[in-house]
Each structure stands twice: as structure tokens, then as C-alpha cells.
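As C-alpha cells, the structure follows; a few thoughts come after it.
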Amino acid sequence: MLVMSRIAGLALVAGIATVGSGCALVHARAPVPGPPLDAPAPPPRDIPAPSPVPVVAAPPPAVEPEAAAPDRQTPPRPPSEPVPVPAAAVPPAAPAGAPPPAPTLQTTPDVDAAIRRVRAVLDRASRDLGRVNYAGLRVEAKTQYDTARRFIQQADGALAERNVAYASQLADKAAALAEGIR
């Protein structure tokens, strides 16, 4: 038994010495840094030189002595008289055979079907909002209700302008808000 206690004591001293030797160093050893990385050189900057612009001096405007000094004897015109416009300032009228304006670009192949789909979504959202008791709603729900109503109005305006894609987005938002109000 005495031998066992001595072996245990020696093992304890050896363990303490091993653990304590790690703390005996004053400085921590840092890893040795590797060689510096060789970064490639930046590409050359080829900036084209600006082309020379010829400088043309404008002739100085001719100043007539009469135009430089206003005539004091002529009374000013009353504001009700139309001011004559020089002929050079009047834009020429469009010729009678001018082509009509370009048609509105449609991104949907069947615009009428898309309008019907948007109308159906708007009707469903209006029906859902019609079932809601506005006076019994909380503040957040009233805000949602009002926002859904505005989306419906904006979608109607977009349909009047034949902007079907925007009207579809607004109608989907209005329907989602109207479904969530309880």
C-alpha cells in the first residue's frame, strides 16, 4: 500500500510539473509568417486622349445705336395687346399627312383577358372589405383596410390608363390585405 501511495504521489508531481511547464514561458509563440504573396501588377490604364475640338469664334453681335438705347418718346404697350411674335420663333405646322402617334406598347398578348383577371381580383378584394365592420377594427387593422382601399382605387386608375401590369400588382396587394383583415 505504501508503494501505491508513492507511485500516486510521483504521478501527481509529474502531472503538476508537466502542466506547470507550459505556463513557465513568458511569451506565447506566434506562428512563423510565410513568404509575402506576389500580387500581380495592375493593368495599364489606357485613357484615350480627347479629340481636339475646333474652336470657332462667334462673330460679335451687331449693336445698332437705336436698339441699344430705348426711345423715350414711345409709350409702353398696354398688357392687353398681343405681343407680335417674329416669324422665326413660330414652329412650323405639322403636315396634313403626318403619321398618327405610335400605339401603346402592350406586354400581354391578350390584354382583355388580363383586364378581366384584374377586375375579378379587385371585385374579390372589395367584397372582402365589404364584410368587415370598420368601426370594430383595431388601429392597425384600420390602417390595413384604408391601404387596401387605396390600392383598389389606384388599380382602377391604372386600368383606366391601360397599364395592366401595374394594375395587376396593385390588385394583388389589395386582395392580400383584404384577406388578412378580420
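The values are calculated or read from the model by the stated rules, or taken from the named source; none is laboratory data. Every value quoted in this text rests on a predicted model; they were computed, and no experiment measured them. Virtual Cβ from ideal backbone geometry, glycine too; neighbours counted across all protein chains shown.
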Output the qualifying pairs, or none if there are none: Cβ atoms under 8 angstrom, residues six or more apart or on different chains, first residue in region 125-150 and of a type in the set (A, V, I, L, M), second residue assigned to a loop (DSSP other than H, G, I, E, B) and surrounded by fewer than 17 Cβ atoms within 10 Å (Cβ to Cβ).
132/182; 141/182
Tally of residues being small (Gly, Ala, Ser) and either at pLDDT 80 or above or surrounded by 10 or more Cβ atoms within 10 Å (Cβ to Cβ) (or both) across region 31-58:
3
Give the residues of region 101-138 that are at pLDDT below 90 and of a type in the set (Ser, Thr, Tyr), sorted by residue number.
104, 107, 108
Apart from one, (1) more than 13 Å from residue 182 (Cα to Cα); (2) at pLDDT 90 or above; (3) not acidic (Asp, Glu) all hold for residue 143; the odd one out is (1)
Within the set of pairs 6 or more residues apart or between chains, which connect a residue that is surrounded by 19 or more Cβ atoms within 10 Å (Cβ to Cβ) inside region 153-182 to a residue that is in a helix (DSSP H, G or I) and basic (Lys, Arg) with Cβ atoms less than 7 Å apart?
175/124
